[in-house]
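First the structure, in the form of structure tokens, and then the observations on it.
The values are calculated or read from the model by the stated rules, or taken from the named source; none is laboratory data. These numbers were taken from a predicted model, which means no experiment stands behind them. Here the Cβ is made from the backbone with ideal geometry for all residues, glycine too, and neighbour counts use every protein chain on show. Each accessible area value is taken on the protein alone, full model and side chains, heavy atoms only, with ligands, DNA and RNA left out. Shrake-Rupley method; radii C 1.70, N 1.55, O 1.52, S 1.80 Å.
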Amino acid sequence: MTSLPAIRPEKRLGLAIDLDTCVGCHACATNCKEWNTGGISGPLTDVNAYEAEQQGVWFNRVFTYEVGGEGPNARTVHFPKNCLHCETPACVTVCPTGASYKRSEDGIVLVDHDRCIGCKLCSWACPYGAREYDEVVGVMKKCTLCVDKIYNENLPEEDRVPACVAACPSKARHFGDFADPNSTVSKLTAERGGYDLMPEKGYRPTSKYLPPRPGRRSAAPVSAAGEPGLEGAGRFLKWVDRILSR
Amino acid sequence: MHPAYSVIFFTTASGAGYGLLILAAIFAVGGLLPATGLLGLVLVGLALALIGGGLLSSTFHLGRPERAVNALSQWRTSWLSREGVLAIATFLPAGLFAVGWVFLGKTTGFFGWMGVAAALLAVLTVFSTSMIYASLTTIPQWNLATVPMAYLALGLMSGAVLLAFVTRLFGVHGTAVDVVAIAAILIGWGVKTAYWTAIDGRLPESDLGSATGLGRFGAVRILEQPHTEANFLMHEMGYRVARKHARRLRSLAHVGLFALPLLFVVAGLFAPEVTATAMAAGAVLALVVGLLTERWLFFAEARHDCMIWYGR
């Protein structure tokens, strides 16, 4: 059913993505593709995979932005983006077939690939670009939050996290229940000022983004030449001063 | 947005078909058209053929058209589903109305009520079609009240121009048809002009800084795309080909869709019958070109919010 759950799901599973530590390695995207092409959404087909104009289904795409223009305050921010499993997702309610649905038990937004007619309207309704059309299978596909992995009792308990989270080498992706105020994701969101993407759209994303921390150079400038007290100091003392100034 | 030919044909053809059905039913029930079988066959037949052809065409843009019947299930939340249900529901009274007119020569009583029901359902169907687009908050050029107004006005306008041509062919033409056609063209022209003015003045609700939440740290620009080749989203939502020609295409729509049909219909009022029929045919031809251009622009000028992430 494309009606949203009548009551707010007891669990609200999602990701907290740390823009401070993401190094833009695309491991999340790659591991996502690897797991999901063999999971319930599989195959994630590619067209022209080994030639020009290749095109394929990916649930996770990593953008890289330059923030703050040029100069000492400029920074590079890697920005992984996948489905945010919104609380009031328009992609679900616009679906004419009932293929799109939001689970009442944990809030995960899924597509029933056996019902989908491939009209693509859900992709039109999503401002985050989270839904992709599989032109070989003729249906829409999307991030499942690895629903076939996180509840999989054949896997050791520590492996029951989404593939993107498991692959991240810089711990920039955290998985958990946002309905539980004591979960890691809830605490991180509270501590770091986690925020919603495009809140003005009103879809209330479950997953949050943790902003980059203030840059070190702009927050605490290291001692420059001519600063009082450092005249005549050698390289070692300047290094000590720099460490202690942090 | 990518202007898919199947969807352009669907919305223009079915819009014209519903417009013709509405006006033919009103004129027939109101006694302004004779209840002769052949006229009924051509008018309702043409309307239902345009509607049916349009609906069939719309299934061509589906990935799995064989499952299209699933789309009738979610009318509680989905405008696309509502449209499907209403489109099919319209065929029942429209079919009975056609039977009465074509085979029994009756457009009053029970069959008259069927005509009225078909006209009402047709209005609701066109409205639902327009709301598929107008309800999307992700596309500022569609999320406007002028979108459903334009779909209704252009549907009625197309129907009126077709009705004027067919009634002239059959020699049953009355001035009332022209009056309705002129009024519909003027309303359509006004609504569409208001729409184009509105989208030209509409600023995007989000930009890269606000979307990423990084604007607080300064200006944000895309440094690296997530992939080297275009993906589905960029093909579907990032269509840019017609935009640079938008001004010229709008002029073509102004002339083909509104100016020429208006000129032909008004001139037809003062021309001898044969010339007037030729002019009515000219109005239909101009309308076809204008309507296809207008609908192409409706898609091509629409910018989807998800392209913001790509810095486009």
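Just the residues that are within 14 Å of chain A (Cβ to nearest Cβ) and of a type in the set (S, T, N, Q), please, taken from the range B:131-169.
B:SER135, B:THR137, B:THR138, B:GLN141, B:ASN143
Inspect all residues belonging to the range B:76-91 and state whether any of them is in contact with a Gly (Cβ under 9 Å, 6 or more places away or on another chain) and at pLDDT below 95.
no
Determine which member of the set B:ALA71, B:ALA25, B:ALA118, B:ALA98 is out of contact with any Gly (no Cβ under 8 Å at 6 or more places or on another chain), of a type in the set (Gly, Ala, Ser) and surrounded by 23 or more Cβ atoms within 10 Å (Cβ to Cβ).
None of the other options fit; the residue is B:ALA118.
From (1) within 18 Å of the chain's Cα centre (by Cα); (2) surrounded by fewer than 24 Cβ atoms within 10 Å (Cβ to Cβ); (3) more than 10 Å from every other protein chain (Cβ to nearest Cβ), pick out the condition that doesn't hold for A:GLY107.
Single failed check for A:GLY107: (2).
Looking at A:VAL62, is it under 23 Å from A:THR30 (Cα atoms), touching a residue at least 12 places away in the same chain (Cβ under 8 Å) and either open to solvent by 10 Å² or more (accessible area, probe 1.4 Å) or in a loop (DSSP other than H, G, I, E, B) (or both)?
No: the conditions fail for A:VAL62.
From the list A:GLU70, A:GLU66, A:GLU87, A:GLU132, pick out the single residue that is charged (D, E, K, R) and closer than 20 Å to B:LEU233 by Cα.
Of A:GLU70, A:GLU66, A:GLU87, A:GLU132, the one residue that is charged (D, E, K, R) and closer than 20 Å to B:LEU233 by Cα is A:GLU132.
Pairs please, first residue from the range B:217-228 and on the phi > 0 side of the Ramachandran plot, second anywhere and part of a loop (DSSP other than H, G, I, E, B), Cβ atoms under 6 Å, 6+ apart in sequence or on different chains.
Going by the 6 Å Cβ cut-off, the qualifying pairs are B:GLY218/A:GLY68; B:GLY218/A:GLY69.
Does the range A:16-54 hold any residues that are surrounded by fewer than 21 Cβ atoms within 10 Å (Cβ to Cβ), among the polar types (S, T, N, Q) and in contact (Cβ under 8 Å) with a residue 12 or more places away in the chain, and which are they?
Residues satisfying the conditions are A:THR21, A:THR30, A:ASN31, A:THR45.
Looking at B:GLY188, B:GLY215, B:GLY209, B:GLY201 in this structure, which one is among the small types (Gly, Ala, Ser), surrounded by fewer than 20 Cβ atoms within 10 Å (Cβ to Cβ) and more than 19 Å from A:ASP196 (Cα to Cα)?
B:GLY201
Go through (1) more than 23 Å from B:ALA286 (Cβ to Cβ); (2) out of contact with any Cys (no Cβ under 8 Å at 6 or more places or on another chain) for B:THR138 and report which single condition fails.
Against the list (1) more than 23 Å from B:ALA286 (Cβ to Cβ); (2) out of contact with any Cys (no Cβ under 8 Å at 6 or more places or on another chain), B:THR138 comes up short only on (2).
Okay, residues lined up against (1) within 14 Å of chain A (Cβ to nearest Cβ); (2) of a type in the set (D, E, K, R); (3) assigned to a loop (DSSP other than H, G, I, E, B); (4) under 30 Å from A:GLY24 (Cβ atoms):
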| site | (1), (2), (3), (4) |
| --- | --- |
| B:GLY171 | no, no, yes, no |
| B:ALA183 | no, no, no, no |
| B:TRP189 | no, no, no, no |
| B:LYS192 | no, yes, no, no |
| B:LYS244 | no, yes, no, no |
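How many residues, within the range B:227-242, are within 14 Å of another protein chain (Cβ to nearest Cβ), in a helix (DSSP H, G or I) and open to solvent by less than 40 Å² (accessible area, probe 1.4 Å)?
5
Only residues that are under 18 Å from A:GLY129 (Cβ atoms) and within 7 Å of another protein chain (Cβ to nearest Cβ): list them for the range B:209-220, please.
Result: B:ALA211, B:THR212, B:GLY213, B:LEU214, B:VAL220.
How many of the residues in the range B:254-312 are open to solvent by less than 50 Å² (accessible area, probe 1.4 Å), of a type in the set (A, V, I, L, M) and more than 14 Å from chain A (Cβ to nearest Cβ)?
17
Being under 30 Å from A:LYS201 (Cα atoms) and surrounded by 23 or more Cβ atoms within 10 Å (Cβ to Cβ): is that true of B:THR125 here?
Against the criterion (under 30 Å from A:LYS201 (Cα atoms) and surrounded by 23 or more Cβ atoms within 10 Å (Cβ to Cβ)), B:THR125 qualifies.
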